[in-house]
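Take a look at the structure below.
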Amino acid sequence: MFKQTAVLAVTGVALLVGCGGMDPRMENEEIISNLIEAGYPANDIRVIDEAVFVSGDAHVTLQASREMIQTPPGSAEHYRSTNLVGAQVTKICINPSAAFSSSPNLSQGLDLAIGNYNALGLRFTFARGPTTGCSATIAAEISTIRPENWAGFPSDGLPYGSINMIPAMNDQPLDINEHIITHELGHTLGLRHTDYYDRSISCVPPYTGVEGDEDVGIIHIPGTPTTAVWDGSVMNACPHIGSTGEFTSADITALNILYGQSATQSCSNVNVAAYRGQTGAQIRCTCSSGGGGSVWGTNLYTDDSNICTAAVHAGVMTTSGGAVVLEVQPAQSTFIGTNRNGVTTSSYGAWGGSFRFIGAQVPQPPPLCSSFNIMSYRGQNGSSIRCNCPTVSLGASVWGTDLYTDDSDVCAAAVHAGAIPSTGGQVSVTIQPAQGSYASTTRNGVTTYSYGYWSGSISLSP
């Protein structure tokens, strides 16, 4: 059986991360308070070298402890959404220290553990580093901080940053090293001990006991057993001399449910901004409803927009919810707000990342002509800008005929030039050089002004 909780990892605890210079003792007091609120018995919490541990080998950070007592919006299950590895993580690189690599059984055990996970075809892969293309890293260290092997829980959508093995592990059989490293990596992914409720199933004193109550954050993974048995999981609290280091069928089921290629996460847990730079990457997620969060843009949305609300606006989902596929897009200079399908979005200027939905959508109009400073394009003669005039003020200031000063109102000039009707439309603005004079005429309901020399001009076409 596998258990998973927000910040709880099977044999690891999330590392305590302090906030801006907080006294370590104050941090530890807050961590311990959070752990007790999350349901950990006080006698299961220990402080070693100013770090807080639970369940024997799990290191808990301040951030992780805070996540334990947060209830995800719209979820009746504590912690599940905040303590899994996020979908932005596609390659986890494990970087062993020199001491780790020079210990033959530990080094080989790491390779075998990496192979265990990669053989499952999960939505991320492990790679032994140092290497490139890593979206998350885990250090493999030799630790003397405590007399046990330990790791930690995920936080902020990333796996815990290290696994820590005692030097004596190199004197243990290779299978035991494979088993324990596989186990500790499970903690970094958010797995709890399968026998959390009775560690005597796999352990001997002093490591027996109860780790915490199921009603306060220990989430059963569907499709896996609800009771633990001797040697029934690599995530049992303690290994034994016959442990092989291989996943059991229940382990494989649990990992595929959490991290399989077909696993679909809640859109409320997706941080699209974390995918910046991965243009074209696709993310599948589900919405329980159309949502009610803020959205900026039309068809292309700022990457901090509410995904579910944007999906209704885009027409790829109804307000009753469903599965959507979004695609990461680069920064945009402007986002246009519109009203569609009962959702009104807002306009915005330049933003560092965007996304769109895969599916039937209305083509996105070009940016508003009013969003451009045409004079900033001086010297780029012959280049064109496509923009949109949803409305036109026929009385706006325009100088010239056919060639217009580049400070003229683009939309009114476009009506004067016959490029769009007075009701508006899309227009191409072509940058032209300075002119010695500009003539005044009346056309299509627009009267322009005359002017002498001006340093930049434009022409307009449909």
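The values are calculated or read from the model by the stated rules, or taken from the named source; none is laboratory data. Model, not experiment: these values are computed from the prediction. Just so you know, the surface numbers come from the protein's heavy atoms only, side chains and all, with ligands and any DNA or RNA stripped out. Shrake-Rupley method; radii C 1.70, N 1.55, O 1.52, S 1.80 Å.
Residues whose amide H falls under 5 Å from that of residue 340, counting only those 5 or more places apart or on a different chain, are 345, with hydrogens built in the peptide plane.
What the phi angles of the stretch 227-243 give under the Karplus curve with 6.51, -1.76 and 1.60, with θ = phi - 60°, is a coupling list of 9, 8, 9, 3, 6, x, 7, 5, 9, 4, 4, 10, x, 9, 4, x, 4 Hz, glycine and proline written as x. The stretch 370-399 and the stretch 187-212 have Cα centres spaced 68 Å apart. In this structure the stretch 346-458 gives 47 Å² per residue of accessible area when probed at 1.4 Å with all protein chains present. For residue 268, the accessible area of its heavy atoms, probed at 1.4 Å with every protein chain present, is near 90 square angstrom. The fraction of accessible area contributed by carbon and sulfur in the stretch 296-380 is 54 percent, rounded to a whole number (1.4 Å probe; ligands and nucleic acids excluded). When all protein chains stay in place and ligands, DNA and RNA are ignored, the 1.4 Å accessible-area order of 247, 100, largest first, is 247, 100. Heavy-atom accessible area with a 1.4 Å probe sorts 61, 344, largest first, into 344, 61. Summed over the residues of the stretch 233-308 and divided among them, the accessible surface reaches 41 Å² per residue at a probe radius of 1.4 Å.
Accessible surface calculations at 1.4 Å, restricted to protein heavy atoms, place the stretch 142-209 at 32 Å² per residue.
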